[in-house]
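The values are calculated or read from the model by the stated rules, or taken from the named source; none is laboratory data. The structure presented is a predicted model; accordingly, all values stated were derived computationally and were not measured. Cβ: placed from backbone, ideal geometry, glycine included. Neighbour counts: every protein chain shown.
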Amino acid sequence: MMWSRELDEEIREAFAREIEAAGPRLEGLEGRVMARLAARSARPSVWQRIKEGFTMPRWAWVGGVTLALALGFLLGRLMTPSSTPLSAYAQAGTLFAVVDPEAQSVAVVGDFSAWQPIPLSDPDGDGIWTVVLELPPGRYEYAYVVDGNWIGQDPQADEYVRSFGEYSSVRYVGTGGGV
């Protein structure tokens with residue numbers, strides 16, 4: 001497109017009309033902005049309100065945090081089941097696991113099963129559903145079906161793919177199997 005004086009003049013006139021039309025909205029803008037800023041600075045921030053609410057000496061805070069961390073660590077060690085670690089299952093094949101205490105049924109579907117469901121089990125009722133499959137080395141697409149709902153993005157997946165509007169997880173199984 002070539003430049004022309006007429007086009008340049010039309011553009012200037014269009015800008016002038018836009019500016020003139022915006023005039024009423026711009027009147028008093030500075031005052032409105034300043035009033036909002038003043039109201040915002042008069043109110044203490046959330047962090048300031050939290051700090052003001054707790055006026056304990058620092059040593060009490062440090063002691064409390066240390067005690068909470070120690071108790072959390074101790075309870076975590078006591079509550080962790082000492083049964084067979086998940087890595088032991090992986091040596092027998094490829095472990096598929098879902099943690100969902102609310103689930104009634106969990107299955108894995110994938111290209112290794114022609115997308116037919118393979119049920120996961122939770123024999124002790126702790127909400128950890130597992131199955132170990134013997135898969136030869138390769139690339140596998142899969143998803144979980146939890147209570148009839150497709151869950152295509154496994155946090156333990158190597159990557160995700162999207163086809164036909166749904167996500168599927170991808171897992172690479174190396175020599176000798178893997179997790």
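Things to note:
- Scanning segment 103-115 for residues that are touching a residue at least 40 places away in the same chain (Cβ under 8 Å) and not in a strand (DSSP E or B), we see that the one that is farthest from Ala157 (Cα to Cα) is Gln104.
- Check on Ala14, modelled with pLDDT of 80 or more and over 33 Å from the mean Cα position of the chain (by Cα): yes
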